[in-house]
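Scroll down for the structure; my scribbles are underneath it.
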Amino acid sequence: MSSQIILLNGTSSSGKSTLAAALQQALVPEPWLHVPIDAFFAMLPYQVMTAGLTPEQTEAATARMVGPLLTGFHRSVAALADAGNHLIVDAVQGGDLLRQFLHLLRDQKVWLVGVRCRLDEVERRERARGDRKIGMAAQQFPQIHAHGVYDVEVDTAAMPPEMCARHIVQVLASGVEPMAVRRLLDGLGQ
């Protein structure tokens, strides 16, 4: 069987990683790899690259590292899928980043899943986590779902992760083919 990708797209602290773990359980016995963008960001040596820098220099250094990292993340996901792995990809993608990513995945079976959560709730989660830059989710909020096309959407503030996962699995099992990626690429001139 060819690989499938469930691409969870939502703001930081929207519940993507928790949902990915629930999906892995719901999809047993088939093995699905969880590929979180956070694992790639954890590779960045912020403390080494930014030691002794001003906030402006730190921001510039981070920007220089993030572009190549995201390109590598996108290519890694495509390579894992090309090798036949089923993937649950946990990402924050919008605008040109989404376009670049979807272009690489255009020949894959990708279920584009909108992971929604109210702004007040993602801000609460962001503060509670303690490992996120405060304000990151609010900054991402207006743009992350701006493209407006998904195969399935869930609201992690309204439903627990297990219910969201069951809903996604039901859509996958329904026999309906995912069309969001094709529609987005056609709309973007790809």
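The values are calculated or read from the model by the stated rules, or taken from the named source; none is laboratory data. Values in this document were obtained by computation on a predicted structure and should not be read as measured data. A quick note on method: Cβ atoms are made from the backbone with ideal geometry, for glycine too, and the neighbour counts reach across all protein chains shown.
Residues Ala158, Ala83: which one is over 19 Å from Ala39 (Cβ atoms) and among the hydrophobic types (A, V, I, L, M, F, W, C)?
Result of the check over Ala158, Ala83: Ala158.
Check Ala61 against each of (1) within 19 Å of Ser17 (Cβ to Cβ); (2) hydrophobic (A, V, I, L, M, F, W, C); (3) free of Cβ contacts under 8 Å to residues at least 24 places away in the same chain and name the one condition it does not meet.
It fails just one condition, (1).
Are any residues in region 116-157 modelled with pLDDT under 80, among the basic types (Lys, Arg) and surrounded by 15 or more Cβ atoms within 10 Å (Cβ to Cβ), and if so, which ones?
Arg132 - this is the single residue of region 116-157 that is modelled with pLDDT under 80, among the basic types (Lys, Arg) and surrounded by 15 or more Cβ atoms within 10 Å (Cβ to Cβ).
Restricting attention to region 33-57, which residues are at pLDDT 70 or above and in a helix (DSSP H, G or I)?
Across region 33-57, the qualifying residues are Ile37, Asp38, Ala39, Phe40, Phe41, Pro55, Glu56, Gln57.
Go through Ala146, Ala137 for me and flag whichever is of a type outside the set (Asp, Glu), within 15 Å of the chain's Cα centre (by Cα) and outside any loop (DSSP other than H, G, I, E, B).
Within the list Ala146, Ala137, the selection yields Ala137.
Go through Leu69, Leu97, Leu102 for me and flag whichever is under 16 Å from Leu7 (Cβ atoms), surrounded by fewer than 22 Cβ atoms within 10 Å (Cβ to Cβ), out of contact with any Asp or Glu (no Cβ under 7 Å at 6 or more places or on another chain) and not small (Gly, Ala, Ser).
Leu97
Does Ser2 fit the bill of being part of a loop (DSSP other than H, G, I, E, B), more than 23 Å from Ala83 (Cα to Cα) and at pLDDT below 90?
no
Condition check: more than 21 Å from Trp32 (Cβ to Cβ), small (Gly, Ala, Ser) and either touching a Leu at 6+ places or on another chain (Cβ under 6 Å) or free of Cβ contacts under 8 Å to residues at least 60 places away in the same chain (or both). Does Ala146 satisfy that?
The answer is yes for Ala146.
Given the residues Val92, Val113, which is the only one that is touching a strand residue (DSSP E or B) at 6+ places or on another chain (Cβ under 8 Å) and at pLDDT 90 or above?
From the options Val92, Val113, the qualifying one is Val113.
Condition (residue is among the small types (Gly, Ala, Ser), farther than 24 Å from Val176 by Cα and modelled with pLDDT of 85 or more) applied to region 18-30: is it met by at least one residue?
No, region 18-30 contains no residue that is among the small types (Gly, Ala, Ser), farther than 24 Å from Val176 by Cα and modelled with pLDDT of 85 or more.
Just to be sure I understand, how many residues within region 149-190 are assigned to a helix (DSSP H, G or I), in contact (Cβ under 8 Å) with a residue 12 or more places away in the chain and not basic (Lys, Arg)?
Adding up the residues that qualify gives 14.
For Arg64, are the conditions met, namely being loosely packed, with under 13 Cβ neighbours inside 10 Å, assigned to a helix (DSSP H, G or I) and touching a helix residue (DSSP H, G or I) at 6+ places or on another chain (Cβ under 9 Å)?
yes
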